[in-house]
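Trainee: This is the structure I have questions about; it appears just below.
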Amino acid sequence: MSARSVRLERATKESKVTVELNLDGSGRTDVSTGVGFYDHMLSSLGRHALFDLTVLTEGDTHIDAHHTVEDTAIVLGDALREALGDKSGIRRFGDALVPLDESLVQCAVDVSGRPYCVHTGEPEGQQYVQLGGSGVSYLGSLTRHVFETLAFHGQIALHVRVLSGREPHHVVEAQFKAVARALRDAVAFDPRESGVPSTKGSL
């Protein structure tokens, strides 16, 4: 594994999650959570962030997707935090404006060590939409929950703003792609930065 690669496991009575994350990858992904639409979103996240990402989750999807989705986001956030180490040499900030047909999403990230999430602009009723084909559906309200959980456990400030969108699938996918592109920039090394990008000397 590279210096910015981690493998984490977390097991509870509700789920068992294994995440392997390489921040300096090429966008290779292998994701299996039991929630098909979530697999699609996490694969998109890894691909567009250029992270190598492997996720294997076994959860209580006979109840619903909530625990599985949340617990996977917990471990992914923890993996992001651990892989970043002391954050020396990174750009720290990243932003993106990503279209997907009629949907347009803006995202800004600060790898600050201070968790915060602002999530706004989804179309009315988006939180009630059930997404996915046969099998376990992904409820639209989970998107905000994923980003809040990722921000808290990754210790990042994360702003996601949906500027336009109609098609529920596109609205969610554009958000994951925008977060991916913003993270890609934020965790990238800056050749002019020799230390931790903070006046405090630590993040």
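The values are calculated or read from the model by the stated rules, or taken from the named source; none is laboratory data. As the structure is a prediction and not an experimental result, all values here were calculated from the model. Cβ: placed from backbone, ideal geometry, glycine included. Neighbour counts: every protein chain shown.
Trainee: Wholly within the range 8-123, which strands (runs of 3 or more DSSP E) include no fewer than the required count, namely at least 3 residues that are at pLDDT below 95, out of contact with any Cys (no Cβ under 7 Å at 6 or more places or on another chain) and surrounded by fewer than 18 Cβ atoms within 10 Å (Cβ to Cβ)?
Mentor: Counting at least 3 such residues, we get no strands (runs of 3 or more DSSP E) at all.
Trainee: Residues of the range 158-198 being free of Cβ contacts under 8 Å to residues at least 60 places away in the same chain and under 20 Å from residue 115 (Cβ atoms), which ones?
Mentor: 158, 159, 160, 161
Trainee: Being among the β-branched types (Val, Ile, Thr) and part of a helix (DSSP H, G or I) is the filter here; which residues of the range 141-157 pass it?
Mentor: Within the range 141-157, 143, 146, 149 qualify.
Trainee: Cβ contacts < 6 Å: first residue free of Cβ contacts under 8 Å to residues at least 24 places away in the same chain, restricted to the range 133-157; second residue part of a helix (DSSP H, G or I), any location; separation 6+ or different chain. Result?
Mentor: Listed by first residue and then by second, the contacts come to 141/127.
Trainee: Can you work out which of the residues in the range 38-75 that are free of Cβ contacts under 8 Å to residues at least 24 places away in the same chain and in contact with a Ser or Thr (Cβ under 8 Å, 6 or more places away or on another chain) is nearest to residue 134 (Cα to Cα)?
Mentor: Here the residue is 39.
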